[in-house]
Amino acid sequence: METTEKTPSLVKMFLKKMLQNKLACFGLLMIFLIVVLAIFAPLIATHQPNVMDTGATLLGPGQDGHLLGTDNYGRDLFSRIVYGSRISLIVGLGAVAVGSVIGILLGLVAGYFGGWLDSIIMRFMDALAAFPFILLAITLMTVLGTGLINVIIAVGIGNVPGFARMIRGQVLSVKEELFIEVTNSLGAKQARIIFIHILPNCLTPIIVYATMNVAGAIISEAALSFLGLGIQAPTASWGNILKEGKDYLIVAPHIAIFSGMFILLSVLGLNLFGDGLRDALDPKTRA
């Protein structure tokens with residue numbers, strides 16, 4: 001007797017799990033708001049972010065039409081934070097893209113071929129991972145110099161070992177599956193096996209890991225800019241706004257508070273969404 005009951009699709013199961021996870025939905029909402037700020041910054045900002053007004057310095061929130069007040073140069077803080085969201089997202093996504101592409105390629109090669117090639121690649125990854133993340137980024141920025149592209153490269157390289165290790169572990173597991181042996185026995189080229197058969201079976205952990213690493217990249221950009229090695233003035237970024245605010249914590253604490261709050265909310269949102277994504281994509285939790 002045939003059953004007419006249809007099993008729910010993986011997409012429906014995924015969406016159901018995500019909607020049931022209130023924290024993940026809250027995280028997604030925060031990410032959405034940050035993305036909207038970044039995309040529509042010219043429409044949302046109430047002032048030009050780099051225009052100075054020496055007669056309106058260090059104004060408090062709500063004074064003289066400045067929603068979040070002004071900084072030490074009289075620039076509108078709300079507008080600078082809105083434009084700063086662009087820098088944070090560009091660095092976060094760009095750095096993870098750089099780190100994931102390099103790390104995934106190295107992890108695929110190391111895991112699939114093994115032997116001496118695996119040993120060389122993973123020992124190099126161990127050497128990179130031996131440096132504290134922020135220290136490695138600072139070292140690279142010292143060599144490369146300041147600027148948006150260099151921040152993306154420096155933070156991206158710091159992400160490479162994590163991606164390489166994670167992908168290598170996945171490849172070691174997937175390549176032992178029966179369908180890989182069958183594909184190999186049919187004479188398929190190694191490149192086809194790696195990129196058509198093995199890589200798609202590693203996408204779930206890649207997506208989750210990449211999502212969580214965007215949050216780390218945003219923090220790293222803020223830290224580098226705070227130290228004067230990242231995005232340089234007058235370009236607005238949350239890190240250099242926070243750096244400027246630290247000198248005025250007594251007379252104008254709102255500068256550091258609001259910039260720090262946006263860093264906190266973006267990172268919190270990404271981590272909450274990443275946790276929910278991991279739970280929803282975990283096959284062990286599928287009902």
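The values are calculated or read from the model by the stated rules, or taken from the named source; none is laboratory data. Every value quoted in this text rests on a predicted model; they were computed, and no experiment measured them. Please note: Cβ atoms are built from the backbone with ideal geometry, for glycine as well, and neighbour counts cover all protein chains shown. Just the protein is used for accessible areas: all its heavy atoms, side chains included, with ligands, DNA and RNA removed. Shrake-Rupley method; radii C 1.70, N 1.55, O 1.52, S 1.80 Å.
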Unit charges at the beta carbon, dipole of the chain: most positive-side option, L106, I194, I81: I194
Cα-centred dipole magnitude for the chain, charges only on beta-carbon of K, R (+1) and D, E (-1), debye, nearest 20: 500 debye
Partners for K12 among aspartates and glutamates (Cα-Cα distance below 18 Å; same-chain residues under 8 apart left out): D279, D282
Pairwise centroid distance, computed over Cα atoms, of the range 195-225 with the range 58-121, Å: 12 Å
Share of carbon and sulfur in the accessible heavy-atom surface of the range 145-287 [1.4 Å probe, %]: 64 percent
0 to 90° range, to nearest 10: angle between helix 254-281 axis and the chain longest Cα axis: 20 degrees
Most mobile of S220, S100, S173 in a GNM of the chain (Cα contacts under 10 Å): S173
Helix 148-174 vs. the chain, principal-axis angle (Cα, 0 to 90°, nearest 10): 20 degrees
Rounded to the nearest 20 debye, dipole of the range 15-114 from Cβ charges on Lys, Arg, Asp, Glu: 560 debye
Accessible area per residue, Å², the range 65-214 with all protein chains present, probe 1.4 Å: 45 Å²
Most mobile of I193, I250, I152 in a GNM of the chain (Cα contacts under 10 Å): I250
Along principal axes, Cα extents of the chain, largest first, whole Å: 77, 55, 27
Cα-centred dipole magnitude for the range 47-168, charges only on beta-carbon of K, R (+1) and D, E (-1), debye, nearest 20: 380 debye
Three-way shape label, the range 231-279, alpha-carbon gyration tensor, a/c 1.5: oblate
Gaussian network model of the chain, springs between alpha carbon atoms under 10 Å - residue of P61, P132, P161 with greatest fluctuation: P132
Helix-only mean residue ellipticity at 222 nm for the chain, each DSSP H run of n ≥ 4 adding -39500 (n - 2.57), per residue, nearest 500: -22500 deg cm²/dmol
Spacing of the two label points (7 Å from each Cα toward its C-beta) at L268 and L33, in nm: 0.9 nm
Crossing angle, helix 10-20 versus the chain [Cα axis fit, 0-90 degrees, rounded to tens]: 40 degrees
Translational diffusion coefficient (Stokes-Einstein; Kirkwood radius from C-alpha pairs) of the range 49-192 at 10 °C, 1.306 mPa s, in µm²/s: 86 µm²/s
Fraction in percent of alpha-carbon pairs per bin - 5 Å, the range 143-223: 3, 13, 20, 17, 13, 11, 9, 7, 4, 2, 0
Per-selection Kirkwood Rh - the range 1-122 (Cα, Å, 1 d.p.): 19.2 Å
I153, I206, I219, ranked by accessible area, largest first (probe 1.4 Å): I219, I153, I206
Net length gained if the chain between V251 and T146 were fully extended (0.36 nm per residue, minus Cα distance): 34.8 nm
